[in-house]
1. When the expected Rg is taken as 2.2 N^0.38 Å, what fraction or multiple of it is the alpha-carbon Rg of the range 168-211?
2. Please work out, to two decimal places, the log10 of the ratio I(q)/I(0) at q = 0.19 Å⁻¹ from a Debye calculation in which every Cα of the range 99-211 carries one identical scatterer.
3. Using packing as a proxy for protection, rank 119-130, 99-110 so that the peptide with the highest average count of other Cβ atoms within 10 Å comes first.
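Just so it is clear, none of the values below were taken in a lab; they were calculated from the coordinates. Model, not experiment: these values are computed from the prediction. Ideal geometry is used to build each Cβ from the backbone, glycine not excepted, and the neighbour counts take in all protein chains shown.
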């Protein structure tokens, strides 16, 4: 699903035994074929990181956000397996995402998670889409959605958080509609709640905010 609002990407770093698993950012949709995530060296953008212990099956924090005056955290439970490429690689078998709202105005839920790779199929990104007024707090990607992806020791995983509008317009088949510019067609309110992240209101004046 496309989205209007984009929150700055946040890198997610994994701990694999004694080696950090650092995956490269994506710039294309997930495709078929072998994906081998390579190690990135001397990248100043990756100087700041969090870590996740893959030997621990707890839900671990991967990013935090604030929308609609609501603070929330997104957690992931990650299962790794042995790779067919050898001992220098691991395979991601499943990843379960969960969102936790702290002192919410509107509850923020998980709308979808999209797995994307680079054009060269050598990097991986999880695009995490959130939406207000949603009670969907968890999403799981299993082995079928992660097939044939292998991580080299020292590679990294990149994740990005996006916000979808509260009230998207859909056609008769329930498909979300988009403008010619790729923006989600949406309305400002449903008569009970106002989407102030995407619209501005002053009396009778209602205008859509700039992306």
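1. Its radius of gyration relative to the 2.2 N^0.38 Å reference: 1.25.
2. Reported log10 I(q)/I(0), two decimals: -1.14.
3. Result, highest mean Cβ count within 10 Å first: 119-130, 99-110.
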